[in-house]
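Encoded as structure tokens, the structure appears first; notes follow it.
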Amino acid sequence: MNLDQILAAVRAFDGVLELAPGAGSEFAEIAWGDHFFYYAPNGQIPQNVQPYATIVTKDYPGDSASLLDEPGRWRVNVHVGRARFTELVGESPDGFAGGDVSARDFSEPDAILPHPVYGALGWIAVVNPGERTAGTLLDLLRAAHDDERRRTVRRPRPGG
């Protein structure tokens, strides 16, 4: 599964807002080329809310364990929550908190892994999704979108 296929799938979700900063935008240069997904049917970036999924194409300061600066590498990150995180990676997010990232291989492609920085918060990561993870990853993206929609409908946010 390539980046364009994942982008097309997520862009088809109802009420999705994709933030894709580029050169010349008001967003930090480090974010250029990456994608951040929100549930925002009004087209406005929700205030005080994190995206429910991201696609990053490079290493960030403090987040280089996936080796995304190597050519052709990128990573999909999805907030799946505590229970689903445990089902997917075989350990509790609590057990991941404060873990030594050097003891893990976060660079393995086409594998569902704890997010190297936000795993303790219920985030998973997939480097270069492929045959093993594509179907599950699309299901996780849809579920994260639906979960965010339910939260938004239950507790409307200003501007959201």
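The values are calculated or read from the model by the stated rules, or taken from the named source; none is laboratory data. Just so it is clear, the structure is predicted and the values come from calculations on it, not from any experiment. Because the Cβ atoms are built from the backbone with ideal geometry, glycine has one as well, and the counts that use them run over all protein chains shown.
Let's see how each residue does on (1) over 23 Å from Asp69 (Cα atoms); (2) charged (D, E, K, R):
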position	(1), (2)
Met1	no, no
Arg11	yes, yes
Ser25	no, no
Glu29	no, yes
Trp32	no, no
Phe36	no, no
Pro41	yes, no
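Of the residues making up region 41-63, those that are outside any loop (DSSP other than H, G, I, E, B) and either at pLDDT below 95 or surrounded by 15 or more Cβ atoms within 10 Å (Cβ to Cβ) (or both) are Ala53, Thr54, Ile55, Val56, Asp63. Just give me the residues in region 64-94 being out of contact with any helix residue (DSSP H, G or I) (no Cβ under 9 Å at 6 or more places or on another chain) and surrounded by 13 or more Cβ atoms within 10 Å (Cβ to Cβ), in sequence order. Matches in region 64-94: Ser64, Ser66, Leu67, Leu68, Arg73, Arg75, Asn77.
Starting from residues that are among the small types (Gly, Ala, Ser) and at positive phi, keep the ones in region 108-160 and report whichever is modelled with the highest pLDDT. Outline the logic, then answer.
Restricting attention to region 108-160, the residues satisfying the condition of being among the small types (Gly, Ala, Ser) are 111, 119-120, 122, 125, 130, 134-135, 143-144, 159-160.
Narrowing the set further to residues that are at positive phi leaves 122, 159.
On the way: Gly122: 96, Gly159: 53.
Checked region 108-160; the qualifying residue modelled with the highest pLDDT is Gly122.
All conditions but one from (1) part of a loop (DSSP other than H, G, I, E, B); (2) more than 14 Å from Pro116 (Cα to Cα) apply to Ser66; the one that does not is (2).
Contact map, region 33-47: residues that are closer than 19 Å to Arg142 by Cα paired with residues that are assigned to a loop (DSSP other than H, G, I, E, B) and of a type in the set (Lys, Arg), Cβ distance under 7 Å, separation 6+ or inter-chain. Pairs shown: Pro46/Arg157. Taken over region 49-85, the criterion of being polar (S, T, N, Q) and either in contact with a Gly (Cβ under 9 Å, 6 or more places away or on another chain) or within 23 Å of Ala144 (Cα to Cα) (or both) is satisfied by Gln50, Thr54, Thr57, Ser66, Asn77.
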